[in-house]
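These notes are about the structure you will find just below.
The values are calculated or read from the model by the stated rules, or taken from the named source; none is laboratory data. All figures in this text were calculated on a predicted structure; none of them were measured in a lab. Virtual Cβ from ideal backbone geometry, glycine too; neighbours counted across all protein chains shown.
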Amino acid sequence: MIYTGQTPPIAERIKKYAATMDVPVHYLSNRDVERAFRCYDAVIFVEALGGVVRLICPLLRDKEVDPPVVVADREGRYFIPLIGAHRGANELAEELAAALGGAAVVTTAVEAARAAPPEELERALLCRISREDKLRVAAALRDGREVCVADAAAVPPGYKRGVGCQLTIRRADSCGEGEICCRPLRLYVGLGLSSAATLEEAVEAVRRALRELGADASAVAALASVKPATAEVAKWLGVSAVVYKPEELKLDWDCLSPPSPKALEALGVPGAAEPAALTAAGPGAFLLYRKRVLGRVTVAVAAAP
């Protein structure tokens, strides 16, 4: 969360609300904007909209990678999705407005048609639609045309389950003629284990993280860690295991979560869960679920397209 001057009351309220959701919030200043754009999952500015526009314009790269940005006034009356509306900014603004008593200023056309954007469908199904196909889906939703999702247990607002629509989306690597593919992400779970953690605790921690993502073990390509006990956890879950030496972990990604003093002391690395997940996922991977301490187990999930 970025603001200038003294901490405005709405910033404190946002941070307290996020804490109830187990979501960490960091206070930043304008000099931190460039790193916030590279590393944070969302950025909230508490200041004038015009000033934010001037500040972030030089940092904009591509709508597929720029983070969701929400601007709030200092009194918390308005929450305005500025960029990344379909990548979470609209949802964040609406959630904050509902929780904190303000109004979300949503201006995108798909939402005006009371439908969820294709990016929300991607998040729900843990898959990726090509840029061109997302434009086709958004245009269909905006124009009130039917969009089906094949073989889905549940779909966001605006979509129909099944087939037979003018557009049909299928969660698969290859699709039939006229269908739109939403290609499944490959998930790599990184694990950090304290010496006192039991096998049952580790298994339940992984399952909890996957549930929060809307997935299960069938979506996991590998479980990765520096702890040999990971192999037993993976066997219990029915997935592959990769056990690294600490020096084999990918540490050159500058957007890892703050380091763990215990990991630095014991392993000589800032943490195990996130680097292990990213190392296993390989080039092009990104963190889908930042490290979370679940009892005596730390879990992170990386995804590869």
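So in the stretch 107-130, with the set limited to residues that are basic (Lys, Arg) and at pLDDT below 95, which one is surrounded by the fewest Cβ atoms within 10 Å (Cβ to Cβ)?
So the first thing to find is which residues in the stretch 107-130 are basic (Lys, Arg), and the list is 114, 123, 128.
The next check asks that each one be at pLDDT below 95; those that pass are 114, 123.
On the way: ARG114: 10, ARG123: 18.
Ranking the candidates gives ARG114 first.
Mind checking whether some residue in the stretch 220-233 is among the aliphatic types (A, V, I, L, M), touching a helix residue (DSSP H, G or I) at 6+ places or on another chain (Cβ under 7 Å) and farther than 24 Å from LYS245 by Cβ?
no
Could you tell me which of the residues LEU141, LEU96 is more than 23 Å from ARG13 (Cα to Cα) and not polar (S, T, N, Q)?
The conditions single out LEU141.
Return the residues of the stretch 272-290 that are surrounded by 24 or more Cβ atoms within 10 Å (Cβ to Cβ) and over 17 Å from ALA229 (Cβ atoms); say none if nothing qualifies.
GLU274, PRO275, LEU278, ALA281, listed by residue number.
Pull out all pairs, ordered by first then second residue, where Cβ-Cβ is under 8 Å, the residues are six or more apart or on different chains, the first lies in the stretch 129-143 and is free of Cβ contacts under 8 Å to residues at least 60 places away in the same chain, and the second is among the acidic types (Asp, Glu) and surrounded by fewer than 17 Cβ atoms within 10 Å (Cβ to Cβ).
Close Cβ pairs (under 8 Å, with a partner that is among the acidic types (Asp, Glu) and surrounded by fewer than 17 Cβ atoms within 10 Å (Cβ to Cβ)) amount to ALA140/GLU146.
Please work out which residue is farthest from the chain's Cα centre (by Cα), limiting yourself to the stretch 174-208 and to residues that are closer than 19 Å to THR279 by Cα and hydrophobic (A, V, I, L, M, F, W, C).
To start, the set of residues in the stretch 174-208 that are closer than 19 Å to THR279 by Cα comprises 185-193, 206.
So of that shortlist, the ones also hydrophobic (A, V, I, L, M, F, W, C) come out as 185, 187, 189, 191, 193, 206.
Values: LEU185: 13, LEU187: 13, VAL189: 14, LEU191: 18, LEU193: 23, VAL206: 17 Å.
By that ranking, first place goes to LEU193.
Given the residues VAL65, VAL106, which is the only one that is within 20 Å of the chain's Cα centre (by Cα) and part of a loop (DSSP other than H, G, I, E, B)?
VAL65
Determine if the stretch 132-143 includes at least one residue that is farther than 30 Å from CYS255 by Cα and outside any helix (DSSP H, G or I). Step through it out loud before you land on a result.
As a first pass, look at the stretch 132-143 and keep what is farther than 30 Å from CYS255 by Cα: 136-143.
Subsequent filtering for residues that are outside any helix (DSSP H, G or I) retains 143.
There is at least one residue in the stretch 132-143 that is farther than 30 Å from CYS255 by Cα and outside any helix (DSSP H, G or I).
May I ask you to verify whether LEU92 is of a type outside the set (D, E, K, R) and in a strand (DSSP E or B)?
Numbers: of a type outside the set (D, E, K, R): yes; in a strand (DSSP E or B): no.
Answer is no for this residue.
If I ask for residues that are within 27 Å of LYS134 (Cα to Cα), of a type in the set (Gly, Ala, Ser) and free of Cβ contacts under 8 Å to residues at least 24 places away in the same chain, which ones from the stretch 86-110 would you list?
Answer for the stretch 86-110, where residues must be within 27 Å of LYS134 (Cα to Cα), of a type in the set (Gly, Ala, Ser) and free of Cβ contacts under 8 Å to residues at least 24 places away in the same chain: just ALA93.
Do you know which residues across the stretch 218-252 are under 30 Å from ARG38 (Cβ atoms) and surrounded by fewer than 15 Cβ atoms within 10 Å (Cβ to Cβ)?
LYS245, GLU247, GLU248, ASP252
Just to confirm my filter: which helices (runs of 4 or more DSSP H) fall fully inside the stretch 156-267 and include at least 3 residues that are under 30 Å from LEU121 (Cα atoms)?
199-213
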